[in-house]
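In what follows, a structure is listed as C-alpha cells, so that the remarks can point back to it.
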Amino acid sequence: MSTIFITGASTGLGKATAKLFQQQGWKVIATMRNPEKDTELRMLDNVTLLPLDVTKPEEIANTVQQAIEQGVDVVFNNAGYGLVGPMEAISDEKIVRQLETNLLGVMRVTQAFIPYFRKRRKGLFITTTSMGGLFAFPLGSIYHATKFALEGWSESLSFELGLFNIGVKTVAPGGIATDFGGRSIDAPTHAAYDDAMQKLWSLFDVDKFSSAEQIAAVVYEAATDGKDQVRYVAGEDAKALYARRLEVGNEAFRREMGKNVLGL
C-alpha cells in the first residue's frame, strides 16, 4: 500500500485529495496547522493526521521525521494562500508571510524529504502551483511571484532529483470552488486601485470554477501515471487561458490581459 503525505489538508483541495487517495486504497498522512479541529478525515481508515505549519522549520523537521517513520511514497505540497492587491498596499510583513507559506514552506518540506527518497532511489514530489504560475493577472504580483518561482524551481529540481529516480511535478489549477476565495485570500486595499480591483473581481465566476474533487483527480493522475512530465494544467479555465498564451505569445497575451481586465 502506497502512502501520500499532504500539506494543507484541512480544507479544499488538500482535503479532497486526502479523501480521493484514501478511497483508492492509499495510506494518507494528512497535515494541517490544527489537526485537533478536524472532524472528517480522522474518521477514515488508513488516514493519519499530523500537525504542520509550513512556516515553522522546526515543526517541518519533526513532522517529516514522524512521516518517514511510517513510510512515504508521494509528497503533495499543497499548503498555501493568495495575497492579492496592489503592490503599494502590501506591507513587508504580508510579503514575508506570503513567501514563507507559498514558497519557502514548499522548499523546506521538500528538502526535508529528499535524503529519504534519495536513499530509497524512488519517490515523487507534487506541488500545487496555479495558472498564476504560468501567466499573470493584474494586482497579484506577490502571489504570482511565489507561483512562478515554484514552477521554475520544480522544473530545475526535476533534473537533479532525476539522478535518483525521484519525480517532481506541479499541478497548476485554475479557479477552484472552495473557500480559497474567502479564508485563503488576503486582499489589502488602496483607494487609488479600487476600481481596478472591482474589475478584477468581476471576472471570477465561481459557478464556472472546477470543484476540488476535479483538481484532486489531476493530482491522482500525476501521482500514478508514471509519466516523465513536470507540469499538469488543471481545470478548463486554466487550460483555455494557457493555450491562448501559447498561441499568441507572451507579450500579445499580456496586452490582451491588460485590455480585458483593466481596459488598458
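In segment 234-253, how many are loosely packed, with under 12 Cβ neighbours inside 10 Å, under 29 Å from A216 (Cβ atoms) and of a type in the set (D, E)?
Selection size over segment 234-253: 1.
Take the residues in segment 155-170 that are of a type outside the set (A, V, I, L, M) and surrounded by 21 or more Cβ atoms within 10 Å (Cβ to Cβ); name whichever of them is nearest to G82 (Cα to Cα). Steps first, answer last, please.
Initial filter on segment 155-170 (of a type outside the set (A, V, I, L, M)): 155-156, 158-160, 162, 164-165, 167, 169-170.
Those left that are additionally surrounded by 21 or more Cβ atoms within 10 Å (Cβ to Cβ): 167, 169-170.
Values: G167: 26, K169: 21, T170: 17 Å.
Among those residues, the one meeting the criterion is T170.
If a residue has to be touching a helix residue (DSSP H, G or I) at 6+ places or on another chain (Cβ under 8 Å), modelled with pLDDT of 95 or more and under 20 Å from L200 (Cβ atoms) to count, how many in segment 242-264 make the cut?
Here is the first cut: in segment 242-264, the ones touching a helix residue (DSSP H, G or I) at 6+ places or on another chain (Cβ under 8 Å) are 242, 244-245, 248, 253, 256, 261-264.
Going one step further and asking which of them are modelled with pLDDT of 95 or more, we end up with 242, 244-245, 248, 253, 256.
So of that shortlist, the ones also under 20 Å from L200 (Cβ atoms) come out as 242, 244-245, 253, 256.
Going through segment 242-264 one residue at a time, the tally reaches 5.
Taking the options A16, A30, A9, name whichever one is assigned to a loop (DSSP other than H, G, I, E, B), crowded, with 19+ Cβ neighbours inside 10 Å, of a type in the set (A, V, I, L, M) and modelled with pLDDT of 95 or more.
Details: A16 fails: assigned to a loop (DSSP other than H, G, I, E, B); A30 fails: assigned to a loop (DSSP other than H, G, I, E, B).
Selected residue: A9, the only one of A16, A30, A9 that is assigned to a loop (DSSP other than H, G, I, E, B), crowded, with 19+ Cβ neighbours inside 10 Å, of a type in the set (A, V, I, L, M) and modelled with pLDDT of 95 or more.
Anything in segment 204-224 that is surrounded by 11 or more Cβ atoms within 10 Å (Cβ to Cβ) and either not aliphatic (A, V, I, L, M) or not in a helix (DSSP H, G or I) (or both)? List them, or say none.
Of segment 204-224, the ones surrounded by 11 or more Cβ atoms within 10 Å (Cβ to Cβ) are 204, 208-224.
Of everything in segment 204-224, those that are surrounded by 11 or more Cβ atoms within 10 Å (Cβ to Cβ) and either not aliphatic (A, V, I, L, M) or not in a helix (DSSP H, G or I) (or both) turn out to be F204, K208, F209, S210, S211, E213, Q214, Y220, E221, T224.
I'm trying to understand the selection: among the residues of segment 184-203, which are in contact with a Gly (Cβ under 9 Å, 6 or more places away or on another chain) and part of a loop (DSSP other than H, G, I, E, B)?
S184, A187, P188, T189, H190
Would you mind finding the one in E88, E59 that is in contact with a His (Cβ under 9 Å, 6 or more places away or on another chain), of a type in the set (D, E, K, R), at pLDDT 95 or above and not in a strand (DSSP E or B)? Let's see the steps before the verdict.
On the way: E59 fails: in contact with a His (Cβ under 9 Å, 6 or more places away or on another chain).
Just a single option satisfies the conditions, and that option is E88.
Regarding G152, is this residue closer than 25 Å to E93 by Cα, surrounded by fewer than 20 Cβ atoms within 10 Å (Cβ to Cβ) and modelled with pLDDT of 95 or more?
Working: closer than 25 Å to E93 by Cα: yes; surrounded by fewer than 20 Cβ atoms within 10 Å (Cβ to Cβ): yes; modelled with pLDDT of 95 or more: yes.
Yes, satisfied.
Scan segment 221-238 residue by residue and report those that are more than 17 Å from the chain's Cα centre (by Cα) and of a type in the set (V, I, T).
The answer is T224, and nothing else.
Where residues in segment 8-52 are out of contact with any strand residue (DSSP E or B) (no Cβ under 9 Å at 6 or more places or on another chain) and not aliphatic (A, V, I, L, M), which of them is farthest from T129 (Cα to Cα)?
The qualifying residue farthest from T129 (Cα to Cα) is D45.
The values are calculated or read from the model by the stated rules, or taken from the named source; none is laboratory data. Treat the numbers as computed from the prediction; the structure is a model and nothing was measured. Glycine gets a Cβ as well: all are built from the backbone with ideal geometry, and neighbour counts include every protein chain shown.
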